[in-house]
Amino acid sequence: MRAAVYERYGPPEVLHIADVPRPRPNNDEILVMVRYSTVNRLDCHTREANRSNGVAVSLLSRAVSGIPRPRQPILGTEFAGTVAAVGPAVIGFRVGDTVFGNTGLRFRCHAEYMCVSEQARVGTMPAGGSFDEFAAVTDGAFNALWCLRQADIRKGSRVLVYGASGAIGTAGVQMAAHFGADVTAVCGPNALDLVESLGASHVIDYTRDDFTHNGETYNVIFDAVGKHSFKRCKASLEHGGCFLATDGFRNVLLALKRFGDKRVRMALPPRYPRTDVVFLRELMEAGEYRAVIDRQYPLDDVVEAARYVETQQKVGNVVLRIADAA
Ligand SMILES: NC(=O)c1ccc[n+]([C@@H]2O[C@H](COP(=O)([O-])OP(=O)(O)OC[C@H]3O[C@@H](n4cnc5c(N)ncnc54)[C@H](OP(=O)(O)O)[C@@H]3O)[C@@H](O)[C@H]2O)c1
């Protein structure tokens, strides 16, 4: 089968297309013909061994992914496709089912076929669901849910999502709105209409206005893109408010401290329960969540796709077309 592989850490150019053996499902596994996957920030960070985040984080990244070279040569965490075979103990899936999900740090989705345990983060797609959209459902949403669940968001809570146009940001706006919050989305000028359509009641263009100087305060400030800081927005938090971080080692340390009645929250390691696959499917069926897709690339153009993701300018998600391209 064809797959995008890498044998050493480095820039997008270390990726190339190769013929590799098709995996066989173990007892409790399903074999998925992957129709679509995504290229996301986790793929890119892992491929470059997190070099851009400093030596300590890079060493940690290698400890997880392999020293001195990657143990798993196929990246890709998100998938949507068709069940091609099932292991003898599988009871929840049948050949022909359309499925979607997320393999996390096990990766292997940038290939025509991959195996996943039926106990893992995989679920069936609703009838009529499109493979490209369902491939992009989980990554941003899992991360947004992981963060937002650390705050006590209730109906009417005032939540500001900074970096609302990214994969996590577009999901964060929708999830906060689903939890009943009054959402303010902060993004660049090109995404203002989009984030409003996702459920934001107020939008702020960060190239024109600085929300830390407008006199408004929020119960929760969610930095969905890792570009803001607790220090800069502390005064914009209500009493008892919290700053939710997605990224940055400094936030892990700040989360251990108290700042009056204000807090930084960043729970590690992130937890992505498999029940969230069903939760997301239900939200999509109810019209309360959608995956925002910026660009699509064929598998052959995986290097281009990775280069684009690394610009940090994508709006929502970048999708990789796999089986259809074969
Ligand atoms: N996705 C993952 O698997 C994952 C997992 C864990 C942690 N993280 C971390 O979480 C953060 C967000 O990830 P992501 O995948 O959601 O990012 P992303 O989709 O790559 O974010 C891109 C978006 O961020 C916006 N942006 C860039 N710089 C900005 C700034 N200074 N202020 C406001 N918006 C800005 C861009 O809009 P403009 O063009 O308008 O600036 C663009 O729409 C990253 O720090 C990432 O490392 C990601």
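Please list, ordered by chain and number, the residues whose modelled amide H lies under 5 Å from the amide H of I322; skip anything fewer than 5 residues away on the same chain.
Y36, S37
If you stretched the chain out fully between H202 and R274, how much longer would it get, using 0.36 nm times the residue separation minus the C-alpha to C-alpha distance?
Result: 22.7 nm gained on full extension.
How big is the range 40-130 on each of its three principal axes, counting only the C-alpha atoms and giving the largest first in Å?
46, 28, 20
Above 27 angstrom, tally the Cα pairs of the chain and express them as a % of all pairs, no decimals.
44 percent
What's log10 of I(q)/I(0) for the range 140-265 at q = 0.11, 0.15, 0.19, 0.22 Å⁻¹, Debye sum over Cα points only, no solvent?
-0.30, -0.58, -0.97, -1.33
Going down the list K155/K314; K234/K257; K227/K314; K231/K262, which pairs span over 22 Å between their C-alpha atoms? Provide the component values of the computation, followed by the final result.
Numbers: K155/K314 30 Å; K234/K257 14 Å; K227/K314 15 Å; K231/K262 11 Å.
Beyond 22 Å between Cα atoms: K155/K314.
Can you pull the one-decimal nm distance between simple spin-label points at V252 and D210, each 7 Å off the Cα toward Cβ?
3.0 nm
Compare the peptides 25-36, 114-125 by average per-residue count of other Cβ atoms within 10 angstrom and give them in order, highest first. Mind dumping the intermediate values first?
Details: 25-36: 22.1, 114-125: 20.4.
So the peptides 25-36, 114-125, ranked by packing, come out 25-36, 114-125.
Please work out how much length the chain gains when fully extended from D19 to K155, using 0.36 nm per residue of separation minus the C-alpha to C-alpha distance, in nm with one decimal.
Net length gain for the segment: 43.8 nm.
Which stretch or stretches of the range 226-270 have amide N atoms under 14 Å from the point lying 7 Å from A56's Cα along the Cα→Cβ direction?
248-256
In the neighborhood of E216, defined by Cβ-to-Cβ distances under 13 Å, what is the net charge if each Lys or Arg adds +1 and each Asp or Glu adds -1?
Surrounding charge for E216 is -3.
Per 0.36 nm of contour for each residue apart, how much would the distance between Q313 and A89 grow if the chain were fully extended, relative to their Cα-Cα spacing?
Separation in residues times 0.36 nm, less the Cα-Cα distance, equals 76.3 nm.
Relative contact order of the chain, please, whole-number percent, based on alpha carbon pairs below 8 angstrom and at least 6 residues apart.
20 percent
Throughout, read-outs are computed from the coordinates displayed, never taken from laboratory work. Being a predicted model, the structure only gives us computed values, none of them experimental. Backbone-built Cβ (ideal geometry, glycine too); neighbour counts: all protein chains shown.
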